[in-house]
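> The structure follows.
The values are calculated or read from the model by the stated rules, or taken from the named source; none is laboratory data. As the structure is a computational prediction, the values presented were derived from the model and not from experiment. Quick reminder, even Gly has a Cβ in these numbers, built from the backbone with ideal geometry, and neighbours come from all protein chains shown. Calculation scope for accessible area: heavy atoms of the full protein, side chains included, ligands and nucleic acids excluded. Shrake-Rupley method; radii C 1.70, N 1.55, O 1.52, S 1.80 Å.
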Amino acid sequence: MTQSPLPPLLSVTGLTLGLRQGRTLVQDVSFSLARGEVIGLVGESGSGKTMAARALLNLLPPAITRTGGTITFDGHDLTTLDPVAMRRIRGARIGMVFQEPMTSLNPALPIRTQLEEGLILHTTLSAPERHQRMVDMLMRVGIANTEYCLNAYPHQFSGGMRQRIMLAAAMLPRPDLLLADEPTTALDAFVQREVLELMLDLTRENGTAVLMISHDLSMVARYTDRVVVMQQGVVVEQGPTQDLLLHPRHPYTRTLLDALPRRPAPRPDKTATPPLVEVRDLVVRYPGRRRLLGRDPDKQVLHDVSLTVHPGETVALVGGSGSGKTTLGRAIAGLTPVTAGSIRFRGAPLPHRPPFRQPRVWLDWRLDCQMVFQDPYSSLDPRMTIGAAVGEALRHDRTLPARNRQTRIDEILTEVGLGAAYAGRYPHELSGGQRQRVAIARALARRPAFIVADEPVSALDMTVQKQILDLFTQLQDHYGFACLFISHDLGVVEQIADRVMVMHDGRIVEHGPCHTVFDSPQHPYTRQLLSAIPMLEPQPGGGLSLRWRYGEPGSA
Amino acid sequence: MTALPSFLRLRRMQPNALLGGILMLVLGLTALTGLLWTPYDPLKINILQRLAGPSAAHWLGTDEFGRDVLSRLLAGAATSVWISLLTVTCAVTTGTLFGLSAGFLRGWPDRIIMACNDAVLAFPGILLALGLLSVLGASKYGIILALSLAYMPSVVRVVRGAVLSLREREFVEASRVMGNSELYTMLRHVLPNCTAPLIVLATSMFGWVLLSESALSFLGLGVPPPAPTWGNMLAASRPYIGQAVWLGILPGLCISLTLLGANLLGDALRDHLDPRLRGLK
């Protein structure tokens with residue numbers, strides 16, 4: 001498709017964007033897109049990929065301006081277009097799907113109004129025609145009850161459904177180009193694949209070209225004809241997807257490919273030792289809301305869940321959103337009260353509810369069970385230095401004299417790869433990956449026996465993800481802590497887990513050693529989850545090829 | 001230069017912030033001068049010199065009892081600033097205490113505190129202060145108490161709102177997981193993160209309290225004469241507006257400029273402390 005004789009639909013040459021104060025964010029970016037072509041724009045956060053795409057529609061934040069380059073779309077120079085003409089192109093000829101389905105639909109308007117908006121603006125269709133077109137489109141994106149949907153509000157739909165509706169809204173005016181900015185990053189792996197395939201089918205039917213922006217190279221590689229790789233505002237490599245995977249030329253592309261999940265050799269089985277943590281028939285029920293008369297029925301989140309974690313072992317808890325995996329982790333860490341069942345630590349039972357005056361067994365547990373949270377931007381107190389944050393973990397350590405505290409802080413900061421010099425810095429001076437290192441340092445400072453890690457890498461870029469996972473494994477070898485690793489990302493789990501537990505609707509539906517679950521899954525839900533992640537096969541010459549487990553898309 | 005926080009660097013300052021800062025600085029200096037030294041005794045009556053216009057001896061003229069207006073303005077500034085400062089401190093301290101407890105503990109403490117708070121909030125502030133003062137009697141500390149009570153509810157609301165969103169943040173949970181008690185978590189992690197909205201609120205509140213104090217004095221329930229405040233000077237000038245315009249204009253101007261300064265500074269601080277607004281303009 002790259003040798004198309006027709007002029008390209010979109011061509012960007014020498015696009016340069018900068019902050020008002022003069023810093024350049026995107027430098028000399030050039031790429032072109034033929035009609036009906038699907039290309040991927042790949043890069044990590046801060047690489048300028050989103051800004052480059054927003055510049056196409058002139059939707060840059062006020063602090064950023066275009067300082068050079070041209071953008072030609074179907075013969076029009078978008079950089080010199082007046083606002084009125086620009087508005088005629090936005091939506092009608094170039095559609096956009098945003099990342100966050102929870103916030104990109106207006107919560108105060110019914111779906112009908114939001115879908116119809118574009119049609120009223122950009123077409124001359126009559127009301128019944130518009131209605132017909134909306135119904136057809138909703139059917140097409142897989143929403144069966146169209147009348148209900150049209151009159152419903154965004155909050156009545158799940159994330160995946162909203163992204164389908166968003167897609168329908170963008171595709172209704174039949175644009176020539178669809179910009180999809182991380183369209184499925186906020187969704188579960190399984191839903192992600194469904195939505196992406198739908199997007200691709202839909203655009204193919206309409207002959208719409210797609211510019212897909214993502215940090216996830218494996219996902220982009222699966223669906224695109226060509227890939228443009230950006231690093232720090234510069235295009236480092238672009239070319240046909242297959243070539244790029246098989247023969248990456250730029251070192252950065254190689255780094256990205258290396259960061260894709262691969263399974264390490266299995267570690268020795270540790271289940272022979274007595275369990276460190278033993279959860280039996282755990283039930284967590286959230287009380288229903290109190291109404292004027294009576295109360296809503298309780299919501300049961302965990303149904304008789306049992307699991308054991310042995311010393312030094314990593315047990316992964318996998319499941320879609322709403323499966324109860326986070327609740328289980330929080331209940332074990334003592335952040336969520338337990339309704340029934342027991343949690344035993346080294347054989348001693350823990351109280352169900354954190355008591356106000358902490359008895360000895362509870363405090364010991366608190367110190368032996370630490371937690372690493374998902375979002376490194378909110379898990380560190382913005383007003384505390386890194387040293388103070390890590391030092392706080394040592395407050396309750398009775399074995400460590402106060403004068404040795406600083407030594408320990410420096411030591412652990414060095415061990416997580418930051419160095420003692422970071423102790424005086426504040427969280428906002430650090431990148432996401434560095435913050436997550438601090439969070440790990442804080443959790444490990446007290447040398448706990450057990451760590452609950454709740455999606456510790458899902459907020460990070462692929463390459464940083466890999467670094468953090470490597471660090472985690474390395475520290476585990478050093479300290480020998482056991483870990484309950486909660487994640488929705490099977491690719492990550494495959495790299496780190498000894499045993500895997502698959503959760504669905506508050507129950508554990510399958511568990512077993514990592515390679516057994518990944519190679520011969522028994523439960524249909526596990527198969528479904530696995531079918532959504534691509535498998536990588538290293539090729540001779542340093543490249544990779546991608547393959548789906550369990551058949552091609554559509555047949556799964 | 002690098003040691004200074006960015007908002008203190010003159011070159012990079014917004015003109016509004018600069019103006020607000022200068023006005024508040026001038027106010028502070030005036031109040032300090034009034035406290036330490038005045039050209040004449042602000043209470044000394046000189047009937048022969050009454051209602052004299054500005055002259056070399058009396059730069060800003062004299063009032064209906066022949067007292068030096070400049071001296072009275074300086075002394076009045078000291079009183080007014082002292083009252084406002086103390087009121088803001090009281091309101092912010094107690095308001096923070098209640099707001100923090102309500103937001104962090106939730107449950108019944110929240111319900112009780114917020115019910116009382118809303119009840120107080122339902123009265124117009126100045127009316128509440130008037131009512132209280134008629135019971136307490138007009139005195140400097142009566143005013144401080146009454147105005148603190150009138151201004152506290154807004155602090156409670158602001159702090160509670162901030163706490164409600166902060167307590168869901170992961171670093172608060174992280175503190176719990178580390179084995180810290182609830183009280184420690186509240187004071188060490190939640191409270192310091194509320195300071196940004198509090199500083200903004202306190203700054204603009206300072207201006208409003210000064211205005212309220214002037215209004216109370218104007219209505220005759222403020223600091224009792226002969227002690228000068230800007231409010232009672234304004235009130236006393238009313239009958240002489242035809243003969244001595246400066247008597248009304250000068251304290252009025254002082255009040256307006258202070259309010260302007262406090263609001264500009266408050267807005268500038270809000271812009272500075274809200275990272276989303278930084279880098280724009």
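> Residues that are in contact (Cβ under 8 Å) with a residue 24 or more places away in the chain, closer than 19 Å to B:I255 by Cα and small (G, A, S): does region B:39-59 have at least one?
no
> Right, here's the next one. Being farther than 26 Å from A:V42 by Cβ, part of a loop (DSSP other than H, G, I, E, B) and out of contact with any Asp or Glu (no Cβ under 6 Å at 6 or more places or on another chain), is that true of even one residue in region A:484-491?
no
> Of (1) more than 8 Å from chain A (Cβ to nearest Cβ); (2) crowded, with 21+ Cβ neighbours inside 10 Å, B:H189 satisfies all except one. Which?
Failed condition: (1).
> Which of the helices (runs of 4 or more DSSP H) found entirely inside region A:399-482 contain at least 1 residues meeting this: hydroxyl-bearing (S, T, Y), over 26 Å from the mean Cα position of the chain (by Cα) and on the phi < 0 side of the Ramachandran plot?
Values: elements: A:402-415, A:432-444, A:462-479.
Answer list for region A:399-482: A:402-415, A:462-479.
> A follow-up question, please. Looking at (1) touching a Ser or Thr at 6+ places or on another chain (Cβ under 6 Å); (2) closer than 25 Å to B:Y141 by Cβ, find the lone condition where B:R67 falls short.
Result: B:R67 passes all but (1).
> While we're here: Write out, first by first residue and then by second, each pair whose Cβ atoms fall under 6 Å of each other, whose residues are 6+ apart or on separate chains, and whose first residue, in region B:70-99, is more than 30 Å from B:A52 (Cβ to Cβ) while the second is aromatic (F, W, Y).
Correct list of pairs: B:S84/B:F206; B:V88/B:F206; B:A91/B:Y151.
> If you don't mind, another one. Check A:G22 against each of (1) away from every other protein chain (no Cβ under 14 Å); (2) over 27 Å from A:T185 (Cα atoms) and name the one condition it does not meet.
(1)
> Determine, yes or no, whether B:A202 is in a helix (DSSP H, G or I) and within 14 Å of chain A (Cβ to nearest Cβ).
For B:A202, the condition - in a helix (DSSP H, G or I) and within 14 Å of chain A (Cβ to nearest Cβ) - is not met.
> Scan region B:113-135 for residues that are farther than 18 Å from B:F218 by Cβ and either surrounded by 13 or more Cβ atoms within 10 Å (Cβ to Cβ) or not hydrophobic (A, V, I, L, M, F, W, C) (or both) and report the count.
Residues meeting the conditions: 8.
> I've got another one for you. Kindly evaluate A:Q434 against the criterion of being polar (S, T, N, Q), surrounded by 17 or more Cβ atoms within 10 Å (Cβ to Cβ) and more than 14 Å from chain B (Cβ to nearest Cβ). Break it down into steps so the answer makes sense when it comes.
On the way: polar (S, T, N, Q): yes; surrounded by 17 or more Cβ atoms within 10 Å (Cβ to Cβ): yes; more than 14 Å from chain B (Cβ to nearest Cβ): yes.
Judged against the criteria, A:Q434 is a match.
> Right, another one. Determine if region B:11-22 includes at least one residue that is among the charged types (D, E, K, R) and part of a helix (DSSP H, G or I).
For region B:11-22, residues among the charged types (D, E, K, R) and part of a helix (DSSP H, G or I): present.
> Taking the residues in region B:60-71 that are in a loop (DSSP other than H, G, I, E, B) and among the acidic types (D, E) as candidates, determine which candidate is farthest from B:W230 (Cα to Cα).
Out of the qualifying residues, it is B:E64.
> Okay, next question. Would you mention how many residues in region B:146-184 are assigned to a helix (DSSP H, G or I), at the interface with chain A (Cβ under 10 Å from one of its Cβ atoms) and either more than 24 Å from A:A388 (Cα to Cα) or open to solvent by less than 10 Å² (accessible area, probe 1.4 Å) (or both)?
The total comes to 5.
> Is it the case that A:R425 is open to solvent by 10 Å² or more (accessible area, probe 1.4 Å), more than 9 Å from chain B (Cβ to nearest Cβ) and touching a residue at least 60 places away in the same chain (Cβ under 8 Å)? Show your work before the answer.
Numbers: open to solvent by 10 Å² or more (accessible area, probe 1.4 Å): yes; more than 9 Å from chain B (Cβ to nearest Cβ): yes; touching a residue at least 60 places away in the same chain (Cβ under 8 Å): no.
When the stated conditions are applied, A:R425 does not pass them.
> Is it the case that some residue within region A:365-372 is in contact (Cβ under 8 Å) with a residue 24 or more places away in the chain and within 21 Å of the chain's Cα centre (by Cα)?
yes
> Quick check on region A:382-395: of everything there that is part of a loop (DSSP other than H, G, I, E, B) and open to solvent by less than 10 Å² (accessible area, probe 1.4 Å), which residue is nearest to the other protein chains (Cβ to nearest Cβ)? Explain how you work it out, then say what you get.
From region A:382-395, those part of a loop (DSSP other than H, G, I, E, B) are A:382-385, A:393-395; that's our starting set.
Still in the list and also open to solvent by less than 10 Å² (accessible area, probe 1.4 Å): A:384, A:393-394.
On the way: A:M384: 8, A:A393: 5, A:L394: 9 Å.
Taking the candidates together, the pick is A:A393.
> Output the strands (runs of 3 or more DSSP E) that fall wholly within region A:4-122 and possess 1 or more residues being exposed (fewer than 15 other Cβ atoms within 10 Å of the Cβ) and of a type in the set (S, T, Y), or say none.
A:10-19, A:24-33, A:64-73
> If you scan region B:34-59, which residues turn out to be open to solvent by less than 50 Å² (accessible area, probe 1.4 Å) and either in contact with a Pro (Cβ under 9 Å, 6 or more places away or on another chain) or in a helix (DSSP H, G or I) (or both)?
Result: B:G34, B:P42, B:H58.
> Specify which of the listed residues (B:G222, B:G207) is open to solvent by less than 40 Å² (accessible area, probe 1.4 Å), assigned to a helix (DSSP H, G or I) and more than 14 Å from every other protein chain (Cβ to nearest Cβ).
Details: B:G222 fails: assigned to a helix (DSSP H, G or I).
Matching residue, one of B:G222, B:G207: B:G207.
> Sticking with this one: Mind counting the residues in region A:396-417 that are open to solvent by 50 Å² or more (accessible area, probe 1.4 Å) and of a type in the set (A, V, I, L, M, F, W, C)?
Number of matching residues: 1.
> In the list A:R330, A:R285, which residue meets the criterion of being in contact (Cβ under 8 Å) with a residue 24 or more places away in the chain, among the basic types (K, R) and touching a strand residue (DSSP E or B) at 6+ places or on another chain (Cβ under 6 Å)?
Just one listed residue meets the conditions, A:R285.
> Please determine, by comparing only the residues of region A:485-539 that are among the polar types (S, T, N, Q) and open to solvent by 10 Å² or more (accessible area, probe 1.4 Å), which one is farthest from A:V372 (Cα to Cα).
Checked region A:485-539; the qualifying residue farthest from A:V372 (Cα to Cα) is A:Q539.
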